[in-house]
């Protein structure tokens, strides 16, 4: 069972302000592993939050761009996992 | 810190913050682990580059580095690097057996188109049948959007959200609202096809709404103001002097929503000049007097024999 974290812990680990994480959730860029607080977030949520922050701050991608990139990445990973399952 | 952050980023020691940022972005875009999943060399270089940027990308830390050298950052992993750059990269959370949660939203249709019918047969889960339903929508609801509760033929009631700007033929998909699936498998989808009822007042032309606007002879000749109905309520429209039947006046932003851009079209008032119902002696005299001095041939030679 992956370890789950609270909003404050995620914020500390990623350096993303809690308010910003809540904004990501409203944008539906992050869908918390568990819909109910407090321990909602797993590794995947956290890595995704960090990725969004990097896209926004380090690369200067705007919100529309972030949406497109997330969508394409999700699609790419879905395809990769499917290819893996076909190979096995 | 083994390497000089300036040389890692490929900038000079006198580079401006802006130049450093640009150099960093350029490298990071190439090296980001999520764009090169599994490439360890790229990942190592990305860490090096972000570590360098964490120092010289920040003016305070950069000054500290310039005066004290890398010693100031030894053991801290380059300032904030330890805190904000640690942990798995996104791609590393996506490699599990079934892939990540976020990538599961892509349904089997995608794969069956790519991998042929074998994929579909093998992967398509059993689910309830899709249902189709046709629904009449008032003109105003189609332009502005609305939400309605409808009763389906099987007497189930569902809420249907009509997005602003839809036209006849638009299909809405309500996933999971179709027939329940056999033995606990997911329900099918409900497809609602919309038929927009015409309006007696508005004509939809693309994203614009046209209305006829009768104006008096005086308003047409001298100008004036008229109250005009729009889909959002009345507005006062300024009529310039000298308009005629067929003149088109634009009322911005009162049309239908363009669903691609979320912007609204315009309303177009198409004018129709109305003669007074009763032509009295005064008017007759005035017009006769005017027209004798100003002969007018509105037909040009279009009806010449």
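Taking the conditions exactly as written (within 9 Å of chain B (Cβ to nearest Cβ) and modelled with pLDDT of 80 or more), does residue A:30 satisfy them or not? Here the answer is yes, as residue A:30 does meet what is asked.
Within region B:121-129, can one find any residue that is surrounded by 12 or more Cβ atoms within 10 Å (Cβ to Cβ) and at pLDDT 90 or above? No, the conditions are met nowhere in region B:121-129. Taken over region B:240-268, the criterion of being more than 23 Å from residue B:200 (Cβ to Cβ) and crowded, with 17+ Cβ neighbours inside 10 Å is satisfied by B:243 alone. Residue count for region B:198-223 under the criterion of being part of a strand (DSSP E or B) and surrounded by fewer than 16 Cβ atoms within 10 Å (Cβ to Cβ): the result is 5.
Residues checked against (1) loosely packed, with under 14 Cβ neighbours inside 10 Å; (2) part of a helix (DSSP H, G or I); (3) over 14 Å from the mean Cα position of the chain (by Cα):
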position: A:10; (1), (2), (3): no, yes, no
position: A:21; (1), (2), (3): no, yes, no
position: A:32; (1), (2), (3): no, no, no
position: A:53; (1), (2), (3): no, yes, no
position: A:60; (1), (2), (3): yes, no, yes
position: A:72; (1), (2), (3): yes, yes, no
position: A:81; (1), (2), (3): no, yes, yes
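Residue check: residue A:76 meets all listed conditions (1) within 12 Å of another protein chain (Cβ to nearest Cβ); (2) part of a helix (DSSP H, G or I); (3) in contact with a strand residue (DSSP E or B) (Cβ under 9 Å, 6 or more places away or on another chain) but one, namely (3). Scanning region B:135-153 for residues that are surrounded by fewer than 13 Cβ atoms within 10 Å (Cβ to Cβ) and at pLDDT 90 or above yields B:136, B:147, B:149.
Scanning region B:3-40 for residues that are assigned to a loop (DSSP other than H, G, I, E, B) and within 18 Å of residue B:62 (Cβ to Cβ) turns up B:3, B:4, B:10, B:11, B:12, B:13, B:14, B:15, B:16.
Residue B:75 meets all of the listed conditions (1) surrounded by 13 or more Cβ atoms within 10 Å (Cβ to Cβ); (2) out of contact with any helix residue (DSSP H, G or I) (no Cβ under 8 Å at 6 or more places or on another chain); (3) at pLDDT below 55 but one, namely (1).
Only residues that are touching a helix residue (DSSP H, G or I) at 6+ places or on another chain (Cβ under 8 Å) and either free of Cβ contacts under 8 Å to residues at least 24 places away in the same chain or surrounded by 10 or more Cβ atoms within 10 Å (Cβ to Cβ) (or both) were counted across region B:269-295, and they come to 4.
Would region A:49-59 turn up any residue that is in contact with a helix residue (DSSP H, G or I) (Cβ under 9 Å, 6 or more places away or on another chain) and modelled with pLDDT under 80? Yes, region A:49-59 has at least one match. Confirm whether residue B:69 is surrounded by fewer than 20 Cβ atoms within 10 Å (Cβ to Cβ), on the phi > 0 side of the Ramachandran plot and under 42 Å from the mean Cα position of the chain (by Cα). Considered against the rule, which asks whether it is surrounded by fewer than 20 Cβ atoms within 10 Å (Cβ to Cβ), on the phi > 0 side of the Ramachandran plot and under 42 Å from the mean Cα position of the chain (by Cα), residue B:69 comes out as no.
This table checks each residue for (1) part of a strand (DSSP E or B); (2) under 49 Å from the mean Cα position of the chain (by Cα); (3) under 30 Å from residue B:142 (Cβ atoms).
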| position | (1), (2), (3) |
| --- | --- |
| B:270 | yes, yes, yes |
| B:273 | yes, yes, no |
| B:276 | no, yes, no |
| B:283 | no, no, no |
| B:286 | no, no, no |
| B:289 | no, no, no |
| B:296 | no, no, no |
| B:299 | no, yes, no |
| B:305 | no, no, no |
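When the criteria are applied in full, residue B:228 fails the requirement of being surrounded by 13 or more Cβ atoms within 10 Å (Cβ to Cβ), in contact with a strand residue (DSSP E or B) (Cβ under 7 Å, 6 or more places away or on another chain) and not in a strand (DSSP E or B). On the stretch given as region B:147-187, residues that are outside any loop (DSSP other than H, G, I, E, B), out of contact with any helix residue (DSSP H, G or I) (no Cβ under 8 Å at 6 or more places or on another chain) and within 30 Å of residue B:265 (Cα to Cα) total 10.
The values are calculated or read from the model by the stated rules, or taken from the named source; none is laboratory data. The shown structure was predicted, so the numbers you read here are calculated from the model rather than taken from an experiment. Cβ sites come from the backbone with ideal geometry, for glycine too, and all protein chains shown count toward neighbours.
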